[in-house]
Structures are given as structure tokens and as C-alpha cells.
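This report concerns only the one structure given below.
The values are calculated or read from the model by the stated rules, or taken from the named source; none is laboratory data. Just so you know, these numbers come straight off a predicted model, no measurement behind them. Note that we place each Cβ from the backbone using ideal geometry, even for glycine, and neighbour counts take in every protein chain shown.
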Amino acid sequence: MAAYSVQQIKFEFISYVKEFGADFSAWSVGVAEDAPAALFREHGVDEARDIWLWKPAVSPAAAAMVRDWICGRQGAAALAGEGRQVFLFRRRSKGASRGEGEGHNLGSVTV
């Protein structure tokens, strides 16, 4: 699996969020050893309907740097965890049902 630098992941995450209005306060960012499991099982993200993205970083320290920068500088919500995969997802608005969403995701595909 290819690994991405801190700068590459920051650029791709920022570009991705901007596609959906650029309001980082509506997004959560975390790190994990298994990003799909963290997204879909732990945080209840709907793979087909919610908006999400994840990338493998070069190291756990690099992944944490991305999370900390996006949350500290851009205002996204930080999620606890450790690992070399960084993920983000747009939280559902209060009152949105589990089936509602825009159905946009790129998984770990390079933007």
C-alpha cells in the first residue's frame, strides 16, 4: 500500500472538504491502524451515503500531525486513536436519518 506525506494528505483533505462547502467544523478527523473499520464500524459512517476519505500516512507520527493540524488550524473535530491511516468524514446534521446523505466518497483514491 502506498503511503502519503503529511503535505500530500493535508492538500487532498483540504481539497476534498472544499468540494462540500469548506466548513471544517462539520467534519471529524481521526487516525487508526484500520481506517475502514474505524469509519464504518466504530463511527457508524455509511460507506455508500456519507462523505468520507482516508489515506495511509508514512508513519503514525505523520498521521497524528495531519489530524492535529486539520483540527487545530481548520477547526475539524479530533477523534482519539493511533495508527498510520488518517480518515475524515462529514458528520450528519442533527436529525438526519441513517439513510440520508449525499453519497460522495473517494475512499483511499488519490484526488
Item checked: Close pairs from region 63-77: first without any contact (Cβ under 8 Å) to a residue 60 or more places away in the chain, partner assigned to a loop (DSSP other than H, G, I, E, B), Cβ under 7 Å, at least 6 apart -> ALA63/GLY83; ALA63/ARG84
Notebook entry, point to check: How many residues are assigned to a loop (DSSP other than H, G, I, E, B) and either at pLDDT below 95 or out of contact with any His (no Cβ under 8 Å at 6 or more places or on another chain) (or both) if we restrict to region 58-94?
Noted result: 13
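Return the residues of region 1-31 that are in a strand (DSSP E or B) and over 11 Å from the mean Cα position of the chain (by Cα); say none if nothing qualifies. Walk me through it before giving the result.
First, the residues of region 1-31 that are in a strand (DSSP E or B): 4, 27-31.
Of everything in region 1-31, just one residue is in a strand (DSSP E or B) and over 11 Å from the mean Cα position of the chain (by Cα), namely TYR4.
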Next item on the list: Check GLU100 against each of (1) in contact with a Gly (Cβ under 9 Å, 6 or more places away or on another chain); (2) at pLDDT below 95 and name the one condition it does not meet.
Entry: (1)
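Name the residues in region 2-18 that are of a type in the set (D, E, K, R) and free of Cβ contacts under 8 Å to residues at least 60 places away in the same chain, would you?
So in region 2-18, the residues of a type in the set (D, E, K, R) come out as 10, 12, 18.
Matches in region 2-18: LYS18 only.
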